[in-house]
Amino acid sequence: MTHQDFLQKAIQLAVDNVKNNQGGPFGAIVVKDGEIVGQGVNRVTTHNDPTAHAEIGAIRDACKNLQHFQLEDCIIYTSCEPCPMCFGAIYWARPKKVYFACTKQEAAKAGFDDQFIYDELAISYEQRKIKMERLSSPEKLSPFQTWMKSSERVEY
(Lines give C-alpha, C1' and ligand atoms only; values in the text may rest on other atoms or scores of the structure.)
Protein backbone atom coordinates (compact mmCIF):
# COMPACT_ATOMS: atom_id res chain seq x y z
CA MET A 1 0.00 0.00 0.00
CA THR A 2 1.10 3.57 -0.68
CA HIS A 3 1.04 6.59 1.63
CA GLN A 4 -2.05 7.73 -0.28
CA ASP A 5 -3.75 4.37 0.35
CA PHE A 6 -3.10 4.56 4.09
CA LEU A 7 -4.28 8.17 4.21
CA GLN A 8 -7.46 7.16 2.39
CA LYS A 9 -8.02 4.47 5.03
CA ALA A 10 -7.84 7.13 7.78
CA ILE A 11 -10.23 9.36 5.84
CA GLN A 12 -12.66 6.47 5.32
CA LEU A 13 -12.60 5.69 9.05
CA ALA A 14 -13.61 9.33 9.66
CA VAL A 15 -16.42 9.22 7.10
CA ASP A 16 -17.73 5.90 8.44
CA ASN A 17 -17.60 7.24 12.00
CA VAL A 18 -19.91 10.09 11.04
CA LYS A 19 -22.21 7.89 8.94
CA ASN A 20 -22.53 5.43 11.84
CA ASN A 21 -23.22 8.29 14.26
CA GLN A 22 -20.31 7.19 16.44
CA GLY A 23 -18.56 10.55 16.84
CA GLY A 24 -16.78 13.34 15.04
CA PRO A 25 -15.27 13.39 11.53
CA PHE A 26 -11.78 12.20 12.40
CA GLY A 27 -9.91 8.96 11.77
CA ALA A 28 -6.32 7.84 12.23
CA ILE A 29 -4.18 4.76 11.72
CA VAL A 30 -0.68 3.75 12.77
CA VAL A 31 1.45 1.77 10.34
CA LYS A 32 4.64 -0.18 10.99
CA ASP A 33 6.53 -2.01 8.26
CA GLY A 34 3.61 -1.59 5.87
CA GLU A 35 1.03 -3.08 8.27
CA ILE A 36 -1.71 -1.28 10.17
CA VAL A 37 -0.95 -1.80 13.86
CA GLY A 38 -3.48 0.62 15.33
CA GLN A 39 -6.50 2.67 14.42
CA GLY A 40 -8.83 5.14 16.05
CA VAL A 41 -11.79 7.37 15.41
CA ASN A 42 -13.21 10.32 17.29
CA ARG A 43 -15.45 9.10 20.13
CA VAL A 44 -15.68 12.29 22.19
CA THR A 45 -19.47 12.46 22.25
CA THR A 46 -20.21 8.73 22.31
CA HIS A 47 -17.79 8.06 25.17
CA ASN A 48 -18.32 11.40 26.93
CA ASP A 49 -14.54 11.73 26.89
CA PRO A 50 -12.89 14.94 25.64
CA THR A 51 -9.63 13.00 25.11
CA ALA A 52 -11.21 10.38 22.81
CA HIS A 53 -9.70 11.81 19.63
CA ALA A 54 -8.80 9.64 16.64
CA GLU A 55 -5.04 10.03 17.01
CA ILE A 56 -5.16 9.25 20.73
CA GLY A 57 -7.22 6.13 20.03
CA ALA A 58 -4.87 5.02 17.25
CA ILE A 59 -1.80 5.59 19.44
CA ARG A 60 -3.33 3.64 22.33
CA ASP A 61 -4.37 0.79 20.03
CA ALA A 62 -0.94 0.59 18.38
CA CYS A 63 0.94 0.72 21.69
CA LYS A 64 -1.26 -2.05 23.06
CA ASN A 65 -0.74 -4.18 19.94
CA LEU A 66 3.01 -3.54 19.82
CA GLN A 67 3.34 -3.91 23.60
CA HIS A 68 5.44 -0.77 23.84
CA PHE A 69 4.83 2.81 24.97
CA GLN A 70 6.52 4.38 21.96
CA LEU A 71 5.88 4.13 18.23
CA GLU A 72 9.42 4.23 16.89
CA ASP A 73 9.59 3.27 13.21
CA CYS A 74 5.84 3.87 12.86
CA ILE A 75 3.93 6.30 10.67
CA ILE A 76 0.65 7.93 11.67
CA TYR A 77 -1.91 8.75 8.99
CA THR A 78 -4.73 11.02 10.08
CA SER A 79 -7.68 12.60 8.36
CA CYS A 80 -6.84 16.04 9.78
CA GLU A 81 -3.90 18.00 11.12
CA PRO A 82 -3.63 17.05 14.81
CA CYS A 83 -5.08 19.32 17.49
CA PRO A 84 -2.79 20.53 20.31
CA MET A 85 -3.61 17.53 22.52
CA CYS A 86 -2.96 15.00 19.75
CA PHE A 87 0.12 16.92 18.67
CA GLY A 88 1.53 16.45 22.18
CA ALA A 89 0.58 12.77 22.28
CA ILE A 90 2.23 12.22 18.91
CA TYR A 91 5.46 13.76 20.12
CA TRP A 92 5.38 11.61 23.27
CA ALA A 93 4.77 8.49 21.14
CA ARG A 94 7.72 9.38 18.87
CA PRO A 95 6.62 8.06 15.47
CA LYS A 96 8.97 8.75 12.59
CA LYS A 97 6.40 10.68 10.53
CA VAL A 98 2.81 11.91 10.37
CA TYR A 99 0.76 12.34 7.21
CA PHE A 100 -2.50 14.30 7.40
CA ALA A 101 -5.22 15.33 4.95
CA CYS A 102 -7.15 18.41 6.12
CA THR A 103 -5.50 21.42 7.75
CA LYS A 104 -6.49 22.96 11.07
CA GLN A 105 -7.97 25.86 9.09
CA GLU A 106 -10.20 23.49 7.13
CA ALA A 107 -11.28 21.86 10.40
CA ALA A 108 -12.12 25.28 11.84
CA LYS A 109 -14.47 25.95 8.91
CA ALA A 110 -16.37 22.78 9.91
CA GLY A 111 -16.66 23.97 13.53
CA PHE A 112 -13.54 22.36 14.99
CA ASP A 113 -11.46 25.43 15.82
CA ASP A 114 -8.58 24.91 18.25
CA GLN A 115 -6.96 28.32 17.77
CA PHE A 116 -8.00 29.41 21.27
CA ILE A 117 -5.87 26.58 22.72
CA TYR A 118 -2.85 27.62 20.68
CA ASP A 119 -3.42 31.18 21.95
CA GLU A 120 -3.70 30.01 25.56
CA LEU A 121 -0.45 28.03 25.32
CA ALA A 122 1.38 31.19 24.31
CA ILE A 123 0.51 33.16 27.45
CA SER A 124 1.52 32.74 31.09
CA TYR A 125 -0.59 30.44 33.26
CA GLU A 126 -1.73 33.41 35.33
CA GLN A 127 -3.38 35.01 32.26
CA ARG A 128 -5.20 31.96 30.89
CA LYS A 129 -9.00 31.84 30.63
CA ILE A 130 -9.08 28.70 32.76
CA LYS A 131 -7.37 29.94 35.88
CA MET A 132 -4.25 28.10 36.90
CA GLU A 133 -2.45 28.77 40.13
CA ARG A 134 0.68 27.23 41.51
CA LEU A 135 0.44 26.04 45.09
CA SER A 136 3.63 25.39 47.00
CA SER A 137 4.22 22.31 49.10
CA PRO A 138 7.26 21.16 51.05
CA GLU A 139 6.80 17.75 49.38
CA LYS A 140 6.51 19.10 45.84
CA LEU A 141 9.77 17.51 44.64
CA SER A 142 9.25 14.14 46.31
CA PRO A 143 7.76 12.45 43.20
CA PHE A 144 10.82 13.44 41.14
CA GLN A 145 13.24 12.55 43.92
CA THR A 146 11.62 9.13 44.28
CA TRP A 147 11.79 8.66 40.51
CA MET A 148 15.48 9.58 40.34
CA LYS A 149 16.32 7.12 43.13
CA SER A 150 14.33 4.26 41.65
CA SER A 151 16.35 1.45 40.11
CA GLU A 152 13.14 0.20 38.44
CA ARG A 153 12.35 3.33 36.41
CA VAL A 154 11.92 3.06 32.67
CA GLU A 155 13.23 6.13 30.88
CA TYR A 156 11.04 7.67 28.22
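When the stretch 10-60 is limited to residues that are more than 15 Å from Y77 (Cα to Cα) and assigned to a helix (DSSP H, G or I), the one that is most open to solvent (accessible area, probe 1.4 Å) turns out to be K19. The condition (being among the acidic types (D, E) and touching a Phe, Trp or Tyr at 6+ places or on another chain (Cβ under 7 Å)) is satisfied by just one residue among E120, E81: E81.
Does the stretch 80-95 contain any residue that is open to solvent by 60 Å² or more (accessible area, probe 1.4 Å) and within 17 Å of F6 (Cα to Cα)?
In the first step, residues of the stretch 80-95 are kept if they are open to solvent by 60 Å² or more (accessible area, probe 1.4 Å); the result is 85, 87, 91-92, 94.
Then keep just the ones that are within 17 Å of F6 (Cα to Cα); that gives none.
Taking every residue of the stretch 80-95 in turn, none turns out to be open to solvent by 60 Å² or more (accessible area, probe 1.4 Å) and within 17 Å of F6 (Cα to Cα).
Which one is most open to solvent (accessible area, probe 1.4 Å), of the residues in the stretch 100-156 that are of a type in the set (D, E) and within 22 Å of the chain's Cα centre (by Cα)? Residue satisfying both the conditions and the ranking: E155. Of the residues examined, E106 is one that is charged (D, E, K, R), out of contact with any Ser or Thr (no Cβ under 7 Å at 6 or more places or on another chain), under 30 Å from T2 (Cβ atoms) and modelled with pLDDT of 95 or more. Modelled with pLDDT of 95 or more and within 30 Å of E120 (Cα to Cα): does that describe H3? No: the conditions fail for H3.
The values are calculated or read from the model by the stated rules, or taken from the named source; none is laboratory data. Since we're looking at a predicted model, the values are computed, not measured. Note that each Cβ is placed from the backbone with ideal geometry, even for glycine, and that neighbours are counted across all protein chains shown. Side chains are part of the model used for accessible areas, which takes the heavy atoms of the whole protein and leaves out ligands, DNA and RNA. Shrake-Rupley method; radii C 1.70, N 1.55, O 1.52, S 1.80 Å.
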